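The values are calculated or read from the model by the stated rules, or taken from the named source; none is laboratory data. Computed from a predicted structure; not experimentally measured. In this analysis, Cβ positions are derived from the backbone assuming ideal geometry, glycine residues included, and neighbour counts consider all displayed protein chains. These area figures cover heavy atoms from the full protein model, side chains too; ligands, DNA and RNA do not enter into them. Shrake-Rupley method; radii C 1.70, N 1.55, O 1.52, S 1.80 Å.
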Amino acid sequence: PLDDLTIAAINTGDTKLWKEVTDSLESCVLEQTQQQDALRRLASRFHTLPPHVQGKLREIAPNLHGPSLASLFGKRNEYSAAVVQLRIAAGTVPDLEVEALLLSERKDDPVGFVRTLGAWDSDRKLPFLATTVVDDNPRVRAQAGFDFVKHAHQYPADCGRAFAILESALMQDRGC
């Protein structure tokens with residue numbers, strides 16, 4: 001799968017592998033669930049990727065698409081959210097439009113949204129994340145709880161705020 005090829009390219013830095021990864025994405029023929037893990041991996045490591053790969057991803061991110069077929073293994077289709085995550089990481093979405101794009105994604109795919117939100121590197125992330133710890137969907141609440149712990153670990157200065165929000169959410173009827 002494309003994600004395995006992406007891992008190999010990341011680990012080796014081989015330009016031929018990187019070309020295969022970017023050509024595969026640019027062709028837009030791979031099924032969406034086959035692309036989404038690679039897209040999330042590329043987005044989460046975007047700033048450590050080789051400059052030529054970053055440039056190519058910035059070029060193709062606005063036009064990414066692929067056929068949507070029923071997944072053979074029952075994998076959730078979070079393709080749209082993965083594309084949004086890559087576009088935000090690549091800087092192809094203006095800062096003023098990021099929040100509107102995230103809100104739109106929340107309406108369409110709450111689980112994909114919260115995974116994308118958890119990966120978003122912004123000081124504006126915590127208020128968004130706080131709304132998800134009491135979501136109606138238990139998968140969204142669980143992912144949000146995990147993302148709060150991860151955020152507090154990455155940003156120790158936010159640890160107190162994250163703890164207070166998690167503690168409050170756990171006291172709610174449908175908290176994480």
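General observations
- Pick from the range 70-81, criterion assigned to a helix (DSSP H, G or I) and in contact with an Asp or Glu (Cβ under 8 Å, 6 or more places away or on another chain), ranking: most open to solvent (accessible area, probe 1.4 Å): S80
- From the list A81, A90, A152, the one residue that fits, being touching a Phe, Trp or Tyr at 6+ places or on another chain (Cβ under 8 Å), of a type in the set (G, A, S) and free of Cβ contacts under 8 Å to residues at least 12 places away in the same chain, is A152.
- Per this entry, V93 is not counted among residues that are over 30 Å from R124 (Cβ atoms) and among the β-branched types (V, I, T).
- In the range 1-40, the residue that is farthest from L86 (Cα to Cα) out of those that are open to solvent by 60 Å² or more (accessible area, probe 1.4 Å) and acidic (D, E) is D14.
- Scan the range 1-45 for residues that are on the phi > 0 side of the Ramachandran plot and free of Cβ contacts under 8 Å to residues at least 24 places away in the same chain and the total you get is 0.
- Scanning the range 26-58 for residues that are over 13 Å from T6 (Cα atoms), part of a helix (DSSP H, G or I) and touching a Pro at 6+ places or on another chain (Cβ under 9 Å) turns up just one, Q32.
- Test: residue in the range 59-69 that is within 14 Å of the chain's Cα centre (by Cα), closer than 28 Å to W18 by Cα, part of a loop (DSSP other than H, G, I, E, B) and modelled with pLDDT under 85: no
- Residue that is modelled with the highest pLDDT, among those in the range 141-176 that are under 20 Å from G112 (Cα atoms) and outside any helix (DSSP H, G or I): R174
- Taking residues in the range 120-137 that are under 26 Å from R45 (Cβ atoms) and of a type outside the set (G, A, S), and partners anywhere that are modelled with pLDDT under 80 and in a loop (DSSP other than H, G, I, E, B), the pairs with Cβ atoms closer than 9 Å and at least 6 places apart or on different chains are F128/S122; T132/C176.
- The range 93-140, subset part of a loop (DSSP other than H, G, I, E, B), over 16 Å from H151 (Cα atoms) and not hydrophobic (A, V, I, L, M, F, W, C), residue nearest to the chain's Cα centre (by Cα): D109
- When the test is whether a residue is within 20 Å of T92 (Cα to Cα) and either open to solvent by less than 10 Å² (accessible area, probe 1.4 Å) or not polar (S, T, N, Q) (or both), G55 passes it.
- Unmet criterion (only one of (1) open to solvent by less than 20 Å² (accessible area, probe 1.4 Å); (2) modelled with pLDDT under 95; (3) of a type in the set (G, A, S); (4) over 18 Å from the mean Cα position of the chain (by Cα)) for A43: (4)
- Residues being open to solvent by 70 Å² or more (accessible area, probe 1.4 Å) and closer than 17 Å to C159 by Cα - total across the range 94-130: 4
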